[in-house]
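Notes to accompany the following structure.
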Amino acid sequence: MPPPARTENRTRDGHVLVWEQAGIAEEYPQKQRRFGTRHYVVFMLFLGMANAYVMRTNMSVAIVAMVNQTAIEHEAEVFDDECPDTDYGEPEDPADRKDGEFLWSTSLQGYILSSFFYGYVITQIPFGLLAKRYGAMKFLGWGMLINSVFAFLVPIAARQGGAPWLIVIRFIQGLGEGPIVPCTHAMLAKWIPPNERSRVGSIVYSGAQFGTVISMPLSGLLADHGFDGGWPSIFYVFGIIGTVWSVAFLWTCHEDPITHPTIHEDERKYIQQSLWGKAGVNIPPIPWKSISRSLPFYAILLAHLGQNYGYETLMTELPTYMKQVLRFSIKANGTLSALPYLAMWIFSIGVGWVADWMLTSGRFTHTLTRKISNSIGQYGPAIALIIASYTGCNRALTVAILTIGVGFNGGIYAGFKINHLDLTPRYAGILMAFTNCSANLAGLLAPIAAGNIIEGKPTIAQWRIVFVIAACVYIFTATFYNIFASGTRQPWDNPDNDEPQKPVSIEAPAYENGHSNIANGTTTTNGTNGTTTTYRANNAAEQRQ
């Protein structure tokens, strides 16, 4: 029986809107929709994102236990006297405190904590480009394996080589984590059909909040009660977890549905047809000129910049405000410090499901869905920042505003964060590499700006300036996104403009790069040159496609 015919709905740009192709869903059996191979890949990517953020945040907890806090000299910290003192969040009795083994100044601790970040940032764009040419999966798996293995060297480097060697090890860990975002985006582009991207993207990237929620209290527990002096166990335990994940990921996951040897054939066809609309095409060079002129790309870029600036203000500066002005340290309470991340994690998954429901209902376009989700994710925190600047000395209300603001921020995952895949499935990883690198650099401005504004005078009025600036950045970038963003695949990533390859007739399944492929109607991707080849059995009707 010939396959059901598909009708093509073309826009004025002349390319197929793959999410509007008729008949794709019908070709995929209902029994396979509950849990397929792509869902396993999503689960592994979620765990990978969680591991990445565990590795990024565990040092901030460990360094408190590593440093001898009573032996080093402290500069007098300036507090505001507008609010009454409180015993909330006060540290434990100094007599019960375990002092660390290192005499590192506050500035040196800052260099140690930032060393990971610099390694992470400089590898974003290179790995985005490499993933497009050679495939994303191996860079992601091996990068995280390097990150995890070097975690075992953190205690050795600190004890044997001191701060300089520790900085080198953390920098290398950052290099290993560089592929996590661009390569995850590239794999999502190959595995996830358009109408599933909102919830899948939200689930995968919410792994960052899940990892933080797990890392902060568990790291504190290991620092107090772990083996080998406490704090080293943080890196040993998470190093083992990361290594196990990396090996499992490299062993069980594959670059795309075509190279996966055990995926159900119906699921393979469903994914490929919904993503590309046709097979047997060359993937052309990166259209840099067209990307540089794309307003929808700049809308994502600015939204990402505003997100990182505002998020850093919310998560790093507001707790400082509560300590200096409200005399209440939210970081002293593990539950409260993890609550905003937990709220963001739960809310982001809910928004993702709602966004995909909006798309499948047929009442909302991809463009409108992305804009609505992103507006919640960025206008919500902006309003929260403004309100927080006027809460005065109300500690409970400030904690509530922090939690609600960060919770609403989860809307970005169904907004700009997944929008790269809408514009260009084939170059999504590269676009994410550029926006994520730029956004992380912009995130550095938040503590710098706040430090200059409140230096020597941490009053409520000065902190209000910090919050309002961050809110204005959120509002401006979200508004720019709402004006210029698009959920439509762009003309410069139009498969119809690609040069088709001649089909190859074979009698047996093809093997490439160690993976077996079904001979009948499948397409293999050559990771070395980015081209695809269609393998057909003797079927003239299919060859004419």
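Miscellaneous remarks
- Built amide H within the under 5 Å cut-off of Ile192, gap 5+: none
- Members of Lys190/Lys371; Lys190/Lys289; Lys269/Lys417; Lys132/Lys289; Lys289/Lys417 lying beyond 21 Å, as alpha-carbon distances in this model show: Lys190/Lys371; Lys190/Lys289; Lys269/Lys417; Lys289/Lys417
- Derived scalar couplings between HN and Hα for the range 195-201 equal 6, 10, 5, 4, 6, 5, x Hz in order, rounded to whole Hz, by the Karplus curve 6.51 cos²θ - 1.76 cosθ + 1.60 (θ = phi - 60°), x for Gly and Pro.
- Whether the range 286-490 is rounded, prolate or oblate, judged on the alpha carbon gyration tensor where a/c under 1.5 counts as rounded: prolate
- Note on surface exposure: Ser274, Ser361 rank Ser361, Ser274 by accessible area, highest first, 1.4 Å probe.
- Cβ-Cβ FRET estimate between Asn394 and Tyr40, R0 fixed at 56 Å, reported to 0.05: 0.75
- Surface composition of the range 286-490: carbon and sulfur make up 70 percent of the accessible area, probe 1.4 Å.
- Ordered from largest to smallest accessible area (heavy atoms of protein chains, 1.4 Å probe), the residues Tyr111, Tyr298 come out as Tyr111, Tyr298.
- At the residue level, Phe364 shows approximately 60 square angstrom of accessible surface with a 1.4 angstrom probe and all protein chains present.
- Ranked order, Glu101, Glu177, Glu255 - accessible area, probe 1.4 Å, largest first: Glu101, Glu255, Glu177
- The range 117-175: radius of gyration over Cα atoms, expressed as a fraction of 2.2 N^0.38 Å: 1.26
- Sequentially through the range 47-56, phi angles give Karplus couplings (6.51, -1.76, 1.60; θ = phi - 60°) of 5, x, 5, 5, 4, 4, 6, 4, 5, 6 Hz, Gly and Pro residues having no value and appearing as x.
- Accessible surface, the range 286-490, averaged per residue in Å² (probe 1.4 Å): 35 Å²
The values are calculated or read from the model by the stated rules, or taken from the named source; none is laboratory data. The model shown is predicted, which means the values in this text are computed figures rather than measured ones. Here the Cβ is made from the backbone with ideal geometry for all residues, glycine too, and neighbour counts use every protein chain on show. Only protein heavy atoms, including side chains, enter the accessible area calculation; ligands, DNA and RNA are left aside. Shrake-Rupley method; radii C 1.70, N 1.55, O 1.52, S 1.80 Å.
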